[in-house]
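The values are calculated or read from the model by the stated rules, or taken from the named source; none is laboratory data. Keep in mind that this is a model prediction, so the values were computed, not measured. All Cβ positions, glycine included, derive from the backbone under ideal geometry; neighbour counts span all protein chains shown.
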Amino acid sequence: MKFQYNKSAIQDFTRQLAIREKALPILKNKETVLRQQEKKAAQALEELMNERAQIRQELEAFEPYWKEFPPIVTMKDSGVYEKKVVGVRVPEVEEVTFRVADIAWWHYPAWVPAGVQIMQRALAIDVKIDTKNQQRELLSAARKKMTQKVNLYEKVQIPAYEEAIRKIKRFLEDKENIAKAAQHIVKKIKARRTA
């Protein structure tokens with residue numbers, strides 16, 4: 001850190017130090033909230049993965065039959081939108097909508113409507129898992145960035161500003177003491193000359 005040994009440098013560093021000291025608790029709180037949100041997203045992702053495993057088991061029962069039929073279910077809209085979580089834009093799923101082919105249901109076996117429902121649930125859960133995974137990754141990246149900023153302020157910048165202020169004050173005090181000592185010596189010399 002480069003600086004000049006004068007009072008304006010002390011004022012500037014004091015101002016910068018105050019800004020960082022005020023921001024540090026806010027940054028720490030934000031980091032804590034991001035950590036909690038990341039943990040919630042990870043738990044929600046785990047629950048969705050368990051739900052997907054159950055749906056996959058149900059879907060396996062219908063798998064041999066689906067090969068005989070044309071695609072009946074297609075995704076119309078994933079219903080993904082962005083929301084802010086602690087200042088981080090993350091994707092969120094509102095509602096997944098599907099388009100079911102316009103078919104004559106009486107030409108198909110009785111299991112097809114149940115199979116269509118399971119297929120819709122499987123597709124919806126896949127979209128939710130992808131979205132929740134993206135959400136967790138974005139929150140994790142934001143938390144890591146916030147942790148770096150907290151560490152930068154706490155362990156590097158604040159101590160550096162404090163040390164610079166201390167050095168400048170010592171330098172100015174020493175300079176003032178030397179000036180006083182020089183004046184004192186000059187007075188003594190003048191007093192001797194006049195005496």
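Brief remarks on what is shown
- Residues satisfying the stated conditions in region 1-44, i.e. within 13 Å of the chain's Cα centre (by Cα) and not aliphatic (A, V, I, L, M): LYS28, ASN29, LYS30, GLU31, THR32, ARG35, GLN36, GLN37, GLU38, LYS39
- Of the strands (runs of 3 or more DSSP E) lying entirely inside region 7-95, those containing at least 3 residues that are surrounded by fewer than 15 Cβ atoms within 10 Å (Cβ to Cβ) are 73-77, 80-85.
- Test: residue in region 168-185 that is among the aliphatic types (A, V, I, L, M) and under 38 Å from the mean Cα position of the chain (by Cα): yes
- Failed item, numbered, when THR131 is tested on (1) surrounded by fewer than 17 Cβ atoms within 10 Å (Cβ to Cβ); (2) closer than 18 Å to GLU47 by Cβ: (1)
- Residue in region 146-169 that is of a type in the set (Lys, Arg), surrounded by 13 or more Cβ atoms within 10 Å (Cβ to Cβ) and under 20 Å from ILE26 (Cβ atoms) present: yes
- A Cβ distance below 7 Å, combined with a sequence gap of six or more or placement on separate chains, defines the contacts here; from region 147-176, residues that are more than 17 Å from ASP12 (Cβ to Cβ) reach residues that are among the acidic types (Asp, Glu) in the pairs THR147/GLU31; VAL150/GLU31.
- Residues that are touching a helix residue (DSSP H, G or I) at 6+ places or on another chain (Cβ under 6 Å) and among the aromatic types (Phe, Trp, Tyr) within region 130-171 comprise TYR153, TYR161, listed in sequence order.
- Only one of the numbered conditions (1) in contact (Cβ under 8 Å) with a residue 24 or more places away in the chain; (2) surrounded by fewer than 16 Cβ atoms within 10 Å (Cβ to Cβ) is violated by PRO113, and that is (1).
- Selection status of ASP174, at pLDDT 90 or above, under 30 Å from ALA53 (Cα atoms), of a type in the set (Asp, Glu) and in a helix (DSSP H, G or I): no
- Unmet requirement for GLY87, which otherwise passes all of (1) touching a helix residue (DSSP H, G or I) at 6+ places or on another chain (Cβ under 8 Å); (2) more than 30 Å from TYR161 (Cα to Cα); (3) modelled with pLDDT under 95: (2)
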